[in-house]
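The values are calculated or read from the model by the stated rules, or taken from the named source; none is laboratory data. Everything numeric here is computed off the predicted structure, so don't read it as measured data. Backbone-built Cβ (ideal geometry, glycine too); neighbour counts: all protein chains shown. The protein model used for the area step is the full one, side chains on, heavy atoms only, and it has no ligands, DNA or RNA in it. Shrake-Rupley method; radii C 1.70, N 1.55, O 1.52, S 1.80 Å.
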Amino acid sequence: MNEIVQIGPLVLNKGLLVIIISVVCGWGAIRWSLRYFGEQAASLLELWMNAALIVLLFYKLGYLLTTPSLLWERPMTLLLMNGASREVGMGIVAAAIYLTYRLKRGGYDVRLLLDMFAWGGTASLAAYSAMLWRYGRPTELVWGIQDGFALTSYHPLNAYMLLLMFGIGYRLWRKVRAGEAGHGTVFQVAAVGAGIGGLVFSLLDEPGDSLFLFLSMQQLLFLGLALVGVIFPAITHNRDIGKERTAMKQSNENKGDSLEQREHERENEKGEPSKIVDKKLDGPNQPST
């Protein structure tokens, strides 16, 4: 989408402007409900915004990594050109590396990070769907939309996605208000709902190139998202069991060390000769010298 939006003397790419507004809406949703996510939420929100900025920079300027000559040959085109799916993928990989490094360094809980991402991502997708029309397959349903002056009506895919995000958002908000954020349940609900809903809506879209099992790349992504949401409780459960086993092992090692230390002290006490006390020479009746 390379349409141009002019705001006074400022000329912007419409697609980039919509993405920026959507990201801001997601940030606002998290910022508004920050108190429900715990003490680490403020720091994690900063990490998420940095990661979103990394993806946005790659989407906007990632093509300079392959064609750097545009920087000095046609510098004005940088204001209008955007990247493609390759640049977005590069940005996602770079953002994932950044988040992994900061999570390990700061000791943050990844489940809280995913819950915040699910809540903010739902708001971002709702804003994105509300600002852009997307046409699907032709339909004779009464809510079909027309493209310009064409007589054919199409499925309003963006309206379907908007309704889906409203439903998921309402469910997530109830969980957040109930204090369930930070345990991965918010992310699980969002992943399963968006994955299944997106897969169903993709059947109403124009068919893309089949990659695996007659599914397009978009459909595979939705299917993968739904599967991640289904198996996520098992992943977190195994992770918690591993942490408990590690803690028990360390506790047993500490107990063993303390027992060895006590036995060593007892042996030292037995090995020391007892001090003989002479009542005539020691005590308050000792003779003065």
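For this structure, a couple of remarks:
- Flag for G144 being under 14 Å from the mean Cα position of the chain (by Cα), open to solvent by less than 40 Å² (accessible area, probe 1.4 Å) and farther than 24 Å from I21 by Cα: no
- If you go through region 30-57 and keep only what is out of contact with any helix residue (DSSP H, G or I) (no Cβ under 7 Å at 6 or more places or on another chain), closer than 15 Å to E180 by Cα and part of a helix (DSSP H, G or I), you end up with just R35.
- Filter result for W133 (open to solvent by 60 Å² or more (accessible area, probe 1.4 Å) and in contact (Cβ under 8 Å) with a residue 12 or more places away in the chain): yes
- Taken together, the criteria exclude M116 from residues that are within 19 Å of F201 (Cα to Cα), surrounded by 12 or more Cβ atoms within 10 Å (Cβ to Cβ) and touching a helix residue (DSSP H, G or I) at 6+ places or on another chain (Cβ under 8 Å).
- Looking only at residues of region 97-113 that are within 22 Å of F58 (Cβ to Cβ) and within 10 Å of the chain's Cα centre (by Cα), we find that the one that is surrounded by the fewest Cβ atoms within 10 Å (Cβ to Cβ) is L99.
- Count of residues meeting criterion [surrounded by 13 or more Cβ atoms within 10 Å (Cβ to Cβ), in contact with a helix residue (DSSP H, G or I) (Cβ under 8 Å, 6 or more places away or on another chain), part of a helix (DSSP H, G or I) and at pLDDT below 75] in region 64-96: 2
- Looking only at residues of region 19-56 that are among the charged types (D, E, K, R) and out of contact with any Leu (no Cβ under 9 Å at 6 or more places or on another chain), we find that the one that is least open to solvent (accessible area, probe 1.4 Å) is E46.
- Restricting attention to region 162-171 and to residues that are free of Cβ contacts under 8 Å to residues at least 40 places away in the same chain and surrounded by fewer than 19 Cβ atoms within 10 Å (Cβ to Cβ), the residue that is farthest from the chain's Cα centre (by Cα) turns out to be L163.
- Residue in region 205-218 that is under 26 Å from I21 (Cβ atoms), surrounded by 15 or more Cβ atoms within 10 Å (Cβ to Cβ) and either hydroxyl-bearing (S, T, Y) or within 19 Å of the chain's Cα centre (by Cα) (or both) present: no
- Listed by first and then second residue, the pairs with beta-carbon distance under 7 Å, at least 6 apart or on different chains, first residue in region 172-194 and acidic (D, E), second crowded, with 20+ Cβ neighbours inside 10 Å, are E180/V186.
- Within region 172-187, being open to solvent by 60 Å² or more (accessible area, probe 1.4 Å) and part of a helix (DSSP H, G or I) holds for R174, R177.
- Region 22-41 - residue that is hydrophobic (A, V, I, L, M, F, W, C) and within 14 Å of the chain's Cα centre (by Cα) and, of those, farthest from L114 (Cα to Cα): V23
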